[in-house]
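S.K.: Before anything else, here's the structure in question.
Bear in mind that the values in this text are calculations on the coordinates, not laboratory data. Quantities reported herein were computed from a predicted structural model and do not represent experimental measurements. Reconstructed Cβ throughout: ideal geometry from the backbone, glycine too, with neighbour counts over all protein chains shown.
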Amino acid sequence: MAEKEAKKTLPACPVATTLTLIGDKWKVLILRDLLSGTKRFGELKKSVGNVSQKVLTAQLRAMEENGLVSRTVYAEVPPRVEYALTDLGYSLKPILDAMWNWGETYQASYDA
């Protein structure tokens, strides 16, 4: 293949680039849940919420392809697969923290 179908072209705007990588509801929730450490698929499915197995698998694959998540398969019976944030994925922590803080402030003002 032509260098993995030629590298995807990123948007010129850095904000658009970030949204391209994490601008999906499920991706942000996956990142949130992996900030606390490595998780297995079933643990992620429970903690993320009402996401189908198909969608969770697709989101994890995309995040792995983009270098945000690492996937480790253990040669056991039954097979064990664990997901963890890469250093690049963990670098999104300040963004998620800011989203958390903003959401708390909004919820407090909305309830008032």
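S.K.: Over segment 14-111, what is the relative contact order in whole percent, taking alpha-carbon pairs under 8 Å and six or more residues apart?
M.R.: The value is 27 percent.
S.K.: Next question. I'd like to compare 11-20, 28-37: which one has the highest average count of other Cβ atoms within 10 Å, and what's the full order after that?
M.R.: 28-37, 11-20
S.K.: Can you tell me the length gained on complete extension of the stretch ALA75 to LEU88, counting 0.36 nm per residue apart and subtracting the Cα distance?
M.R.: Result for the pair: 2.0 nm of gain on full extension.
S.K.: Translational diffusion coefficient, Stokes-Einstein: compute it for the chain using the Kirkwood radius over C-alpha pairs as Rh, at 37 °C and 0.692 mPa s, and state it as an integer in µm² s⁻¹.
M.R.: Once the numbers are plugged in, D ends up at 210 µm²/s.
S.K.: Using a simple spin-label model with points 7 Å from Cα along the Cα→Cβ vector, what separation in nm is obtained for ALA108 and ALA62?
M.R.: 3.3 nm
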